[in-house]
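Below: the structure, in structure tokens.
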Amino acid sequence: MPTILAFAEARAGQLRKVALEAVTAARQLAGGDQVHAVLVGEGGIGAHAAALGQHGADVVHVCEHAGFARHNPEALAALLAAAANTTGARVVVLPASAHGKDVAPRVAAKLKVGLAADLTSVAFEGDAIVGRHPVNTGKVLATVTLTAKPAVVTMRPGAVPPAAQPKAGTVQALAPVGDPSASRVVTTTLVQGNTAKLDLGEAPVIVTGGRGLKAAEHFAIVEALAEAFGNAAVGATRAVTDDGWRPHSDQIGQTGRLVSPDLYIAVGVSGAIQHLAGMRNSKTIVAINKDKEAPIFKIADYGIAGDAFEVVPKLTEAVKAARAQS
Amino acid sequence: MKIAVAIKRVPDMDTRFKIAPSGTAVDETGLKFDMSDFDGYAAEAALQINEKQGGGEITAISLGPDVVQETLRKALSMGLDKAVQLKADAVPFDGYAIAEALAAELKGGSYDLILFGRMAIDSSNQSVGPMVAELLGLPCISAVSQLDVSDGKTVKARRELEGAYEEVTCPLPAVVTIDEGVARPRYPSLKGIMAAKKKPLEVKPAQLGPVTATVAKMELPPERAAGRILGENADAVPELVRLLQTEAKVL
Ligand SMILES: Cc1cc2nc3c(=O)[nH]c(=O)nc-3n(C[C@H](O)[C@H](O)[C@H](O)COP(=O)(O)OP(=O)(O)OC[C@H]3O[C@@H](n4cnc5c(N)ncnc54)[C@H](O)[C@@H]3O)c2cc1C
Ligand SMILES: Nc1ncnc2c1ncn2[C@@H]1O[C@H](COP(=O)(O)O)[C@@H](O)[C@H]1O
């Protein structure tokens, strides 16, 4: 019976949402077959095994080692490739997160197979694995077929939302391959931003500020709008990250993050092609720009051609009021 | 330093793509091509490393049909020293097949540093660099937004994570894949363009690896319905909120 193996990503001792998404995707692929999850971290990480069982893992392989306190791509790839072999995995599912995208190609290369990356959906088609993958900055959708066994895939964050489907989640200790503390690639520092904040890849709503905000401190108005939604993250254009108003990690676009939230609100964003590349697949797009001719209006479902400093605070109040009622 | 930079030729994204009759590729008629964005950053990073250290040699490598020579010449006109085309009739979609061919070429090169783009802007696979590193048995740091190899022995890099960043080190020789932020590519100067014509460009057959990932279909995503401008000032806010509640159902 084919087993599906899922990498349950954790950072700084905490399970990430994409871990549950990977296990959920694996569960959907497995049908009645077994889902095995791999959970890796320093001592104590095994406490998260239950959550993986809740989302459909029959077995959770837990590897606790001081060498896994921070991201350790070499030891992790070795561990996942070995686990793929020992469990006879038909598919290895990883999140297309920063760490997932770092590790997945190493795992694929160790297994000498191709990889289907950043999939928005995945399924068996006969004996092959088939997934959808936005290419050419999201302007083209590719359907990718993987014939190798195992197949290695990474799932775009948010594509398969976590779904509870309780399974045994039987914990099995997994020994590292070699000494994780002896890896050549060493993550010396991890600097977390505000962990209470939603990540761009996870937030159902994104409010992005562009150069139209004119100064870093004016991001307060987009922060307040995001706050009013309660489930929003704040993004930025390259004009803004270039000027150092926001960190590079907030940049959305061709050379930044690729996002597809339910709602994307662009404030003072012109809508350059490279920016659209990162957000064109959002479900609903709202633009607020004082220039009626700004290209962002071509892609926006709803636009307000007005001054952000006037419109955004009003919108914030209206969103608060709407949410208070519902 | 002896540096190699892997460069992919990709279509300019500022266009309306059409799907080729095969249904598994984009129609290339009328498209403009250039080096993939992140590969330009990688080429620039290599130039800056060697300019700072005062010496070294940078080789540009591209796998594909003869048209990639144009892209390699551009790299040479930026200031890279020599180029290798790994000749293949077409560039496979499968990153592993590409990685085997690149690894076979890079293996004997005794490079101190091998640079890739974080991802090719067309395939968006973000996989070839780390795969090559695995095949060569080299350490790899992927998607770096800051890079320091000034001591000649170690890579010190920064990687952007979701809402966080990490600092990572590894010994040289190493593979590094370049994210935005490291260096903006320079424009080739007239002198550079002239000099590039005389720089060596070697052509070798590509020893592609097995292809197990293929494109079954390419299609254009559904067109977005035409949007509307609801109004010209804050008076439009109630209508916007109403539509977000009733039409878009996101509030
Ligand atoms: C290779 C390459 C890669 C790139 N990658 C990216 C990327 O990943 N992401 C990205 O975002 N960009 C990217 N860019 C840059 C991109 O081309 C644009 O320069 C950038 O997106 C513009 O940012 P902006 O919309 O904030 O600024 P601008 O283009 O300056 O637009 C500002 C907008 O604000 C409006 N405005 C001004 N005042 C107000 C006001 N009071 N109220 C409301 N609106 C107002 C203006 O009408 C204007 O439309 C890339 C460029 C290149 C060449
Ligand atoms: N055909 C190619 N020739 C040379 N380098 C390539 C080729 N394809 C991919 N690469 C390199 O691998 C990187 C990642 O590509 P990808 O994994 O397809 O996203 C690119 O930025 C290039 O540096």
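The values are calculated or read from the model by the stated rules, or taken from the named source; none is laboratory data. Small disclaimer: the values here were computed from a predicted structure and weren't measured. All Cβ positions, glycine included, derive from the backbone under ideal geometry; neighbour counts span all protein chains shown. The area values use the complete protein model at the heavy-atom level, side chains included, leaving out ligands, DNA and RNA. Shrake-Rupley method; radii C 1.70, N 1.55, O 1.52, S 1.80 Å.
Among B:Asp122, A:Asp102, the order of accessible area from largest down is B:Asp122, A:Asp102, computed with a 1.4 Å probe on protein heavy atoms.
Which whole-number percentage describes the relative contact order of chain A, with Cα contacts under 8 Å and a sequence gap of 6 or more? In percent, rounded to a whole number, it is 14. Rounded if a/c is under 1.5, else prolate if a/b beats b/c, else oblate: with a ≥ b ≥ c from the C-alpha gyration tensor eigenvalues square-rooted, which is the range B:210-251? Since a/c reaches 1.5 and a/b is larger than b/c, the shape of the range B:210-251 is classed as prolate.
Of B:Ala195, B:Ala42, B:Ala216, the residue with the greatest mean-square motion in the GNM of chain B, using alpha carbon springs below 10 Å, is B:Ala216. Let a ≥ b ≥ c be the square roots of the eigenvalues of the Cα gyration tensor of chain A; is it rounded (a/c under 1.5), or, if not, prolate (a/b larger than b/c) or oblate? Note, shape of chain A comes out prolate.
Between B:Gly108, B:Gly129, B:Gly79, the Gaussian network model of chain B with springs among Cα atoms under 10 angstrom shows the greatest mean-square fluctuation at B:Gly108. I'd like the interface area for chains B and A: accessible area of each alone minus the complex, both sides summed, 1.4 Å probe, protein heavy atoms only. What is it in Å² to the nearest 100? Interface area, both chains combined: 6900 Å², rounded to the nearest 100.
Summing charges over all other residues whose Cβ lies under 9 Å from the Cβ of B:Gln85, with Lys and Arg as +1 and Asp and Glu as -1, gives 0. Given +1 at the Cβ of Lys and Arg, -1 at the Cβ of Asp and Glu and no other charges, the dipole of the range B:2-205 around its Cα centre is 740 debye to the nearest 20. Counting heavy atoms of the protein chains alone, B:Ser145 has an accessible area of about 10 Å² for a 1.4 Å probe.
In this structure B:Ile229 has an accessible area near 70 Å², from a 1.4 Å probe over the protein heavy atoms. For the range B:190-221 versus the range A:113-153, the spacing of their alpha-carbon centroids is 23 Å.
Considering only protein heavy atoms and a probe of 1.4 Å, how much of the accessible area of chain B is carbon and sulfur, as a whole percent?
Of all accessible area on chain B, carbon and sulfur atoms account for 52 percent.
Summing Lys and Arg as +1 and Asp and Glu as -1 over all other residues whose Cβ lies under 11 Å from the Cβ of A:His65 gives a net charge of -3. Compute the helix-to-body angle for B:237-246: its Cα long axis versus the longest principal axis of chain B, expressed 0 to 90° and rounded to tens. For B:237-246 against chain B, the angle is about 90 degrees. Placing unit charges on each Cβ (+1 for Lys and Arg, -1 for Asp and Glu) gives chain A a dipole about its Cα centre, and among A:Ala272, A:Ala142, A:Gly209 the Cα reaching farthest toward its positive end belongs to A:Ala142. Computed over protein heavy atoms with a 1.4 angstrom probe, the accessible surface ordering of A:Thr237, B:Thr169, A:Thr170, largest first, is A:Thr170, B:Thr169, A:Thr237.
Residues in the range A:241-255 carry Karplus couplings, in order, of 6, 4, 7, x, 5, 9, x, 4, 5, 8, 6, 10, x, 3, 10 Hz; the curve used is 6.51 cos²θ - 1.76 cosθ + 1.60 with θ = phi - 60°, and Gly or Pro positions show x.
Straight-line cross-link reach from A:Lys283 at under 29 Å between alpha-carbon atoms covers these lysines, not counting any fewer than eight positions away in the same chain: A:Lys17, A:Lys101, A:Lys139, A:Lys197, A:Lys214, A:Lys292, A:Lys298, A:Lys314, A:Lys320, B:Lys18, B:Lys217, B:Lys249. Averaged per residue, chain B has 43 square angstrom of accessible surface, using a 1.4 angstrom probe with ligands and nucleic acids left out. Karplus-based coupling profile of the range A:281-289, in residue order and whole Hz: 8, 5, 5, 10, 10, 10, 10, 10, 8, with θ = phi - 60° in 6.51 cos²θ - 1.76 cosθ + 1.60 and x standing for Gly or Pro. The residues neighbouring B:Ile3, those whose beta-carbon lies less than 14 Å from its own, together hold a net charge of -3 under the Lys/Arg +1, Asp/Glu -1 convention. Taking a ≥ b ≥ c as the square roots of the eigenvalues of the alpha-carbon gyration tensor, the range A:205-325 is classed rounded because a/c is under 1.5.
For the range B:14-53, state the average projected area of the convex hull of the C-alpha atoms over all orientations, rounded to one decimal in nm². Mind dumping the intermediate values first?
Working: hull surface 15.4 nm².
Quarter of the Cα hull surface area: 3.9 nm².
State the Cα centre-to-centre distance between the range A:277-326 and the range B:1-74 in whole Å. About 37 Å separates the Cα centre of the range A:277-326 from the one of the range B:1-74. Note on surface exposure: A:Lys298, A:Lys101 rank A:Lys298, A:Lys101 by accessible area, highest first, 1.4 Å probe. Which percent, to the nearest 5, of DSSP beta bridges fully inside chain A are antiparallel? Within chain A, antiparallel bridges account for around 25 percent of the total.
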